[in-house]
Amino acid sequence: EKRCGKSMLLFFIGKLAARSMMASNITPAAVFRSIDAWAPTLLIDEADTFMKDNEELRGLINSGHTRDSAFTIRVQGEDHTPTKFSTWGAKALAGIGHVADTIMDRAITLELRRKLPHEKVERIRHAEPGLFEELQSKLARFAEDHSFDVQYARPPLPEGLNDRAQDNWEPLLAIAMTAGNEWLKVGTKAALA
(Lines give C-alpha, C1' and ligand atoms only; values in the text may rest on other atoms or scores of the structure.)
Protein backbone atom coordinates (compact mmCIF):
# COMPACT_ATOMS: atom_id res chain seq x y z
CA GLU A 1 0.00 0.00 0.00
CA LYS A 2 1.03 3.61 -0.38
CA ARG A 3 3.56 4.93 2.16
CA CYS A 4 4.32 1.45 3.51
CA GLY A 5 8.09 1.80 3.14
CA LYS A 6 8.62 -0.32 0.01
CA SER A 7 11.15 2.07 -1.53
CA MET A 8 12.95 2.33 1.82
CA LEU A 9 13.09 -1.47 2.03
CA LEU A 10 14.72 -1.61 -1.41
CA PHE A 11 17.14 1.13 -0.31
CA PHE A 12 18.02 -0.96 2.75
CA ILE A 13 18.49 -4.14 0.67
CA GLY A 14 20.65 -2.13 -1.72
CA LYS A 15 22.92 -1.04 1.12
CA LEU A 16 23.58 -4.66 2.10
CA ALA A 17 23.46 -6.61 -1.17
CA ALA A 18 26.34 -7.36 -3.50
CA ARG A 19 26.54 -5.09 -6.56
CA SER A 20 23.08 -3.60 -6.02
CA MET A 21 21.51 -1.77 -8.92
CA MET A 22 18.30 0.22 -8.33
CA ALA A 23 15.83 1.08 -11.08
CA SER A 24 12.34 2.58 -10.93
CA ASN A 25 11.64 1.45 -14.48
CA ILE A 26 13.48 -0.95 -16.76
CA THR A 27 13.00 -2.40 -20.22
CA PRO A 28 13.30 -6.09 -21.03
CA ALA A 29 16.52 -5.48 -22.99
CA ALA A 30 18.01 -3.55 -20.09
CA VAL A 31 17.17 -6.41 -17.68
CA PHE A 32 19.04 -9.15 -19.51
CA ARG A 33 21.88 -6.92 -20.69
CA SER A 34 22.46 -5.52 -17.17
CA ILE A 35 22.36 -8.95 -15.54
CA ASP A 36 24.67 -10.44 -18.15
CA ALA A 37 27.14 -7.55 -17.96
CA TRP A 38 27.29 -6.83 -14.23
CA ALA A 39 25.62 -9.70 -12.30
CA PRO A 40 23.91 -7.18 -10.02
CA THR A 41 21.36 -7.59 -7.30
CA LEU A 42 18.59 -5.98 -9.33
CA LEU A 43 16.24 -3.81 -7.26
CA ILE A 44 13.15 -2.74 -9.18
CA ASP A 45 10.82 -0.18 -7.62
CA GLU A 46 7.40 0.86 -8.94
CA ALA A 47 6.95 -2.59 -10.54
CA ASP A 48 3.19 -2.11 -10.50
CA THR A 49 3.43 0.83 -12.90
CA PHE A 50 5.19 -0.83 -15.83
CA MET A 51 5.23 -4.61 -15.41
CA LYS A 52 1.51 -5.40 -15.39
CA ASP A 53 1.01 -5.79 -19.13
CA ASN A 54 4.63 -6.36 -20.11
CA GLU A 55 4.70 -10.08 -20.96
CA GLU A 56 8.28 -9.99 -22.27
CA LEU A 57 9.56 -8.47 -19.02
CA ARG A 58 7.56 -10.97 -16.97
CA GLY A 59 9.05 -13.83 -19.00
CA LEU A 60 12.58 -12.56 -18.39
CA ILE A 61 12.02 -12.16 -14.64
CA ASN A 62 10.49 -15.66 -14.50
CA SER A 63 13.34 -17.17 -16.53
CA GLY A 64 15.81 -16.25 -13.81
CA HIS A 65 14.22 -18.60 -11.27
CA THR A 66 16.47 -21.58 -11.95
CA ARG A 67 20.09 -21.45 -12.99
CA ASP A 68 19.65 -23.96 -15.85
CA SER A 69 16.89 -21.99 -17.58
CA ALA A 70 18.13 -18.49 -16.78
CA PHE A 71 18.95 -17.42 -20.31
CA THR A 72 17.46 -15.51 -23.17
CA ILE A 73 18.75 -15.54 -26.73
CA ARG A 74 18.69 -12.46 -28.93
CA VAL A 75 20.24 -11.66 -32.27
CA GLN A 76 22.90 -8.95 -32.46
CA GLY A 77 24.68 -6.95 -35.10
CA GLU A 78 24.15 -6.61 -38.80
CA ASP A 79 24.66 -10.34 -39.33
CA HIS A 80 22.02 -11.16 -36.66
CA THR A 81 24.30 -13.42 -34.64
CA PRO A 82 22.35 -15.37 -32.00
CA THR A 83 23.71 -14.35 -28.59
CA LYS A 84 22.95 -15.97 -25.22
CA PHE A 85 22.37 -13.63 -22.27
CA SER A 86 22.08 -14.65 -18.61
CA THR A 87 19.03 -13.71 -16.54
CA TRP A 88 20.33 -15.48 -13.40
CA GLY A 89 20.68 -13.34 -10.33
CA ALA A 90 19.03 -11.88 -7.28
CA LYS A 91 16.10 -9.58 -7.92
CA ALA A 92 13.78 -7.66 -5.61
CA LEU A 93 10.60 -6.11 -6.95
CA ALA A 94 8.53 -3.55 -5.09
CA GLY A 95 5.13 -2.22 -6.01
CA ILE A 96 1.61 -1.60 -4.84
CA GLY A 97 -0.67 -4.59 -5.19
CA HIS A 98 0.45 -7.79 -6.81
CA VAL A 99 2.43 -8.55 -9.96
CA ALA A 100 1.61 -11.56 -12.15
CA ASP A 101 0.95 -14.85 -10.35
CA THR A 102 3.85 -16.52 -12.13
CA ILE A 103 6.26 -14.00 -10.63
CA MET A 104 4.66 -14.21 -7.17
CA ASP A 105 4.94 -18.01 -7.27
CA ARG A 106 8.69 -17.76 -7.86
CA ALA A 107 9.20 -15.23 -5.08
CA ILE A 108 9.43 -14.78 -1.39
CA THR A 109 6.87 -12.08 -0.74
CA LEU A 110 6.93 -9.47 1.97
CA GLU A 111 3.66 -7.65 2.47
CA LEU A 112 4.21 -4.24 4.00
CA ARG A 113 1.76 -1.90 5.67
CA ARG A 114 1.87 1.69 6.84
CA LYS A 115 2.98 2.19 10.39
CA LEU A 116 0.17 2.92 12.79
CA PRO A 117 -0.03 6.35 14.47
CA HIS A 118 1.27 4.97 17.78
CA GLU A 119 4.24 3.16 16.18
CA LYS A 120 7.61 4.90 16.16
CA VAL A 121 10.54 4.08 13.91
CA GLU A 122 14.10 5.25 13.63
CA ARG A 123 14.89 6.99 10.38
CA ILE A 124 17.25 4.84 8.33
CA ARG A 125 18.89 7.99 6.99
CA HIS A 126 20.03 8.72 10.57
CA ALA A 127 21.88 5.42 10.94
CA GLU A 128 25.33 5.70 12.44
CA PRO A 129 28.02 6.49 9.88
CA GLY A 130 29.61 3.39 8.39
CA LEU A 131 26.92 1.01 9.68
CA PHE A 132 25.83 -0.24 6.26
CA GLU A 133 29.39 -0.56 5.00
CA GLU A 134 30.30 -2.61 8.08
CA LEU A 135 27.26 -4.88 7.72
CA GLN A 136 27.87 -5.34 4.00
CA SER A 137 31.50 -6.21 4.71
CA LYS A 138 30.47 -8.80 7.31
CA LEU A 139 27.95 -10.35 4.93
CA ALA A 140 30.54 -10.51 2.16
CA ARG A 141 33.03 -12.14 4.52
CA PHE A 142 30.44 -14.70 5.65
CA ALA A 143 29.71 -15.50 1.99
CA GLU A 144 33.40 -15.87 1.22
CA ASP A 145 34.12 -18.02 4.28
CA HIS A 146 31.07 -20.25 4.00
CA SER A 147 30.18 -20.50 0.30
CA PHE A 148 31.12 -24.20 0.18
CA ASP A 149 29.07 -24.97 3.32
CA VAL A 150 26.03 -23.12 1.95
CA GLN A 151 26.34 -24.78 -1.46
CA TYR A 152 26.26 -28.26 0.05
CA ALA A 153 23.85 -27.62 2.93
CA ARG A 154 20.63 -29.59 2.73
CA PRO A 155 18.34 -27.90 5.22
CA PRO A 156 15.16 -29.65 6.31
CA LEU A 157 12.38 -28.08 4.24
CA PRO A 158 9.08 -27.35 5.98
CA GLU A 159 6.41 -29.86 5.00
CA GLY A 160 3.80 -27.09 5.13
CA LEU A 161 5.24 -25.52 1.97
CA ASN A 162 4.43 -26.64 -1.56
CA ASP A 163 7.26 -27.77 -3.87
CA ARG A 164 7.82 -24.33 -5.45
CA ALA A 165 7.84 -22.59 -2.06
CA GLN A 166 10.38 -25.14 -0.81
CA ASP A 167 12.52 -24.37 -3.88
CA ASN A 168 12.23 -20.64 -3.14
CA TRP A 169 13.18 -20.97 0.52
CA GLU A 170 15.89 -23.64 0.27
CA PRO A 171 18.78 -21.23 -0.51
CA LEU A 172 17.84 -18.95 2.40
CA LEU A 173 17.44 -21.89 4.76
CA ALA A 174 20.83 -23.24 3.62
CA ILE A 175 22.37 -19.91 4.64
CA ALA A 176 20.47 -20.00 7.94
CA MET A 177 21.58 -23.59 8.59
CA THR A 178 25.20 -22.61 7.96
CA ALA A 179 24.85 -19.58 10.27
CA GLY A 180 23.61 -21.78 13.13
CA ASN A 181 20.69 -23.71 14.54
CA GLU A 182 18.90 -20.65 15.94
CA TRP A 183 18.96 -18.98 12.52
CA LEU A 184 17.52 -22.11 10.93
CA LYS A 185 14.66 -22.02 13.43
CA VAL A 186 14.02 -18.33 12.65
CA GLY A 187 14.20 -18.99 8.90
CA THR A 188 11.86 -21.96 9.07
CA LYS A 189 9.35 -19.95 11.09
CA ALA A 190 9.54 -17.13 8.52
CA ALA A 191 9.04 -19.58 5.64
CA LEU A 192 5.94 -21.04 7.25
CA ALA A 193 4.54 -17.58 8.04
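The values are calculated or read from the model by the stated rules, or taken from the named source; none is laboratory data. Everything numeric here is computed off the predicted structure, so don't read it as measured data. Backbone-built Cβ (ideal geometry, glycine too); neighbour counts: all protein chains shown. For the accessible areas, the whole protein counts, side chains as well, though only heavy atoms, and no ligand, DNA or RNA atoms are used. Shrake-Rupley method; radii C 1.70, N 1.55, O 1.52, S 1.80 Å.
A few comments on the model shown:
- Hydrodynamic radius by Kirkwood, which averages 1/r over all alpha carbon pairs of segment 20-61, in angstrom: 10.5 Å
- Potential lengthening between residue 116 and residue 25 on full extension [0.36 nm per residue; Cα-Cα distance subtracted]: 29.8 nm
- Within the chain, longest stretch free of exposed trypsin sites (Lys or Arg not before Pro) [DSSP loop, at most 16 other beta carbons within 10 Å]: 124-193
- Among the protein heavy atoms of the chain, carbon and sulfur supply 54% of the accessible surface, probe 1.4 Å, non-protein parts ignored.
- Among the GluC sites (Glu not before Pro) in segment 5-98, those placed in a DSSP loop whose Cβ has at most 13 other Cβ atoms within 10 Å are 78.
- Here residue 98 sits with roughly 130 square angstrom of accessible surface, probe radius 1.4 Å.
- Cα centroid of segment 1-76 to Cα centroid of segment 96-158, whole Å: 16 Å
- Environment charge of residue 25, counting only residues whose C-beta is closer than 12 Å and scoring Lys/Arg +1, Asp/Glu -1: -3
- The label-point distance for residue 15 and residue 33, in a model that sets each label 7 Å from Cα toward Cβ, rounds to 3.2 nm.
- Solvent-accessible area per residue for the chain (1.4 angstrom probe, square angstrom): 68 Å²
- Computed lengthening from residue 4 to residue 137, 0.36 nm per intervening residue step minus Cα-Cα distance: 45.1 nm
- P(r) histogram, all alpha-carbon pairs of segment 102-190 included - 5 Å bins from 0, percent: 3, 11, 15, 16, 16, 17, 14, 7, 1, 0
- GluC sites (Glu not before Pro) within segment 117-185, DSSP loop, no more than 11 other Cβ atoms inside 10 Å: 119, 122, 159
- Partner lysines whose Cα lies under 21 Å from the Cα of residue 15, excluding those fewer than 8 positions away in the same chain, are identified as 6, 91, 138.
- Residue 75/residue 172 FRET efficiency (R0 45 Å; Cβ-Cβ; nearest 0.05): 0.75
- Rg of the Cα atoms in the chain, relative to 2.2 N^0.38 Å, amounts to 1.12.
- The magnitude of the dipole of segment 19-124, with charges of +1 and -1 set on the Cβ of Lys/Arg and Asp/Glu and taken from the Cα centre, is near 460 debye.
- When restricted to Cα atoms, segment 72-128 yields an Rg and a Dmax of 20.1, 64 Å, respectively.
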